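See below for the structure under consideration.
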Amino acid sequence: MTAALHRPPLEQLHDQLVGRVASGELAGAIALVARRGEVHVDVVGRPALDATAPLGRDAIFRMSSMTKPIVAAATLVAIEAGLFALDAPVDRWLPELANRRVLRRFDGPLDDTVPASRAITVRDLLAFTMGTGIPLAPPGATPIQRAIDEQALGQGLPRPQVAPPPDEWIRRLGTLPLMSQPGDQWRYHTGSDVQGVLIARAAGVPLAQFLRDRIFEPLGMVDTGFHVPAAQRDRLVASYLTDPTGAARLYDRPDGEWSRPPAFPSGGAGLVSTIDDYFAFAEMLAGGGARRGVRILSEASVAAMTRDQLSPAQKAQTRWTPGTFDEIGWGFGVAVVTGRDPAGAPGAYGWDGGLGTVWRNDPQRELISILLTQHAWRSPSAPPVCRDLWTAAQAAAYSRPSNA
């Protein structure tokens, strides 16, 4: 008999997490590694740097960009329900995005534009090729960035209580030119927020209700949503940024921005969740769209979501971090490993949350790994604690006899 997970690498991961908590690098962390039905969960530290009580397994974390895969799955659910088609222009439901203008130069004036070569499609929203997004440039460095900030459309750290309601949000977005032609290149984030508005309009219900009815309740994700009810607020961890000296600075408290429903439920960065709730979502995708007899998506939709959707030309046109697409591609709401990457073998997929979370499914190794912390990343590159998780998970996937 063999075990699905080899224990020594997981014990080493535990020691690494304990060391990072002891040094003050992390207040706490929850790591999950699962394979072939065996689930290992490790909870260390505290819910806040000044807390005395230990962190609980049911702690609620701000998922930030790990919202994106869930909303992409919801968009595919809506497609399967016949609400819209993958390659349909979005103009019917989002007339604010019809007849777009496109900047001649990303750093040029807002009135120096040309007509869009074609309409934005649902596929563009999912693949982040709609023509606008968060640029990797200093804040406020260009006219379009300053305009996005002035309109409170969200291109920095998540601030749920700042953005206007969905109809006003999409109206404001529609007043600005695109940064590039639809379909030309990958641009991060904004496509997920637009998906949220699209789903709500096509379904005729708020995004939060659609997610609850079609994904959260069927999967038993009881603690996932756009805010934390008062009765559960003691389980929401504190959230921290790290200043240039390495010191942690409080970003959001349990009674802060996620303590009440936001005007704009951000499909790009708005959800909170727990380790077990997010694992249910990850396990559903690993099961080809079904979990414990409950089907959320077809196998074909999951295969499309988790396959690299970008062409070589789209990757070549993208200006992000150097080498962004050397070893990964982008599916629908998830990164997909295409070469040598520390997160997993080719075909592994998942995404990260800039406020301190990371998730990967690795089909080759039948492996799921999730890490939740409350310390924001300091750069677009994964911090060392993520590599600790990936290294341990992959080492643990090499089975040994259960009595070893």
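Things worth noting here:
- Scanning the stretch 192-220 for residues that are touching a Gly at 6+ places or on another chain (Cβ under 7 Å) and either crowded, with 24+ Cβ neighbours inside 10 Å or of a type in the set (Ser, Thr, Tyr) (or both) returns Ser192, Asp193, Gln195, Gly196, Leu207.
- Taking the criterion of being touching a residue at least 40 places away in the same chain (Cβ under 8 Å) and either part of a loop (DSSP other than H, G, I, E, B) or more than 22 Å from Leu136 (Cα to Cα) (or both), the residues of the stretch 99-119 that qualify are Arg100, Phe106, Leu110, Ala116, Ser117, Arg118, Ala119.
- In this entry, Leu103 passes the filter for residues that are touching a Ser or Thr at 6+ places or on another chain (Cβ under 9 Å), surrounded by 18 or more Cβ atoms within 10 Å (Cβ to Cβ), farther than 30 Å from Ala73 by Cβ and of a type in the set (A, V, I, L, M).
- Residues in the stretch 52-66 that are in contact (Cβ under 8 Å) with a residue 40 or more places away in the chain and either within 22 Å of the chain's Cα centre (by Cα) or within 17 Å of Arg20 (Cβ to Cβ) (or both): Leu55, Arg57, Asp58, Ala59, Ile60, Phe61, Arg62, Met63, Ser64, Ser65, Met66.
- Given (1) of a type outside the set (D, E, K, R); (2) over 19 Å from Leu355 (Cβ atoms); (3) surrounded by 19 or more Cβ atoms within 10 Å (Cβ to Cβ), number of the condition Ile60 does not satisfy: (2)
- Filtered residues of the stretch 287-343 (kept if at pLDDT 95 or above, under 19 Å from Asp362 (Cβ atoms) and among the basic types (Lys, Arg)): Arg291, Arg307
- Considering the stretch 19-38, and only residues there that are touching a Phe, Trp or Tyr at 6+ places or on another chain (Cβ under 9 Å) and in a strand (DSSP E or B), the residue that is surrounded by the most Cβ atoms within 10 Å (Cβ to Cβ) turns out to be Ile30.
- Pro265 being modelled with pLDDT of 95 or more, in contact with a Lys or Arg (Cβ under 6 Å, 6 or more places away or on another chain) and either farther than 22 Å from Leu372 by Cα or part of a loop (DSSP other than H, G, I, E, B) (or both): no
- The residues in the stretch 120-136 that are crowded, with 16+ Cβ neighbours inside 10 Å and either among the small types (Gly, Ala, Ser) or modelled with pLDDT under 95 (or both) can be counted, and the count is 5.
- Neighbours by Cβ (under 8 Å, 6+ apart or cross-chain): first from the stretch 272-285, closer than 23 Å to Pro158 by Cα; second among the small types (Gly, Ala, Ser) and assigned to a helix (DSSP H, G or I): Phe281/Ala73
- Matching residues, the stretch 158-179, being small (Gly, Ala, Ser) and either crowded, with 22+ Cβ neighbours inside 10 Å or under 23 Å from Gly354 (Cα atoms) (or both): Ala163
- Residue within the stretch 77-92 that is under 30 Å from Leu371 (Cα atoms), crowded, with 16+ Cβ neighbours inside 10 Å, out of contact with any Asp or Glu (no Cβ under 7 Å at 6 or more places or on another chain) and at pLDDT 95 or above present: yes
- Subset of the stretch 275-313 [in a loop (DSSP other than H, G, I, E, B), in contact with a Gly (Cβ under 8 Å, 6 or more places away or on another chain) and either of a type in the set (S, T, N, Q) or surrounded by fewer than 18 Cβ atoms within 10 Å (Cβ to Cβ) (or both)]: Ser298, Thr306, Arg307, Gln309
- A residue that is touching a strand residue (DSSP E or B) at 6+ places or on another chain (Cβ under 7 Å) and of a type in the set (Gly, Ala, Ser) cannot be found anywhere in the stretch 148-167.
- Selection within the stretch 338-356 - closer than 28 Å to Gly156 by Cβ and either without any contact (Cβ under 8 Å) to a residue 24 or more places away in the chain or surrounded by fewer than 16 Cβ atoms within 10 Å (Cβ to Cβ) (or both): Asp341, Pro342
- Residue in the stretch 131-145 that is under 28 Å from Val272 (Cβ atoms), β-branched (Val, Ile, Thr) and out of contact with any Leu (no Cβ under 6 Å at 6 or more places or on another chain) present: yes
- Just one of the listed residues (Trp258, Trp186) is of a type in the set (A, V, I, L, M, F, W, C) and more than 30 Å from Pro95 (Cα to Cα), and it is Trp258.
- Selection count where residues are under 28 Å from His375 (Cα atoms) and part of a helix (DSSP H, G or I), scope the stretch 145-170: 5
The values are calculated or read from the model by the stated rules, or taken from the named source; none is laboratory data. Computed from a prediction, not measured in an experiment: that's the story for all the values here. Glycine also receives a Cβ, built like all others from the backbone with ideal geometry; neighbour counts cover every protein chain displayed.
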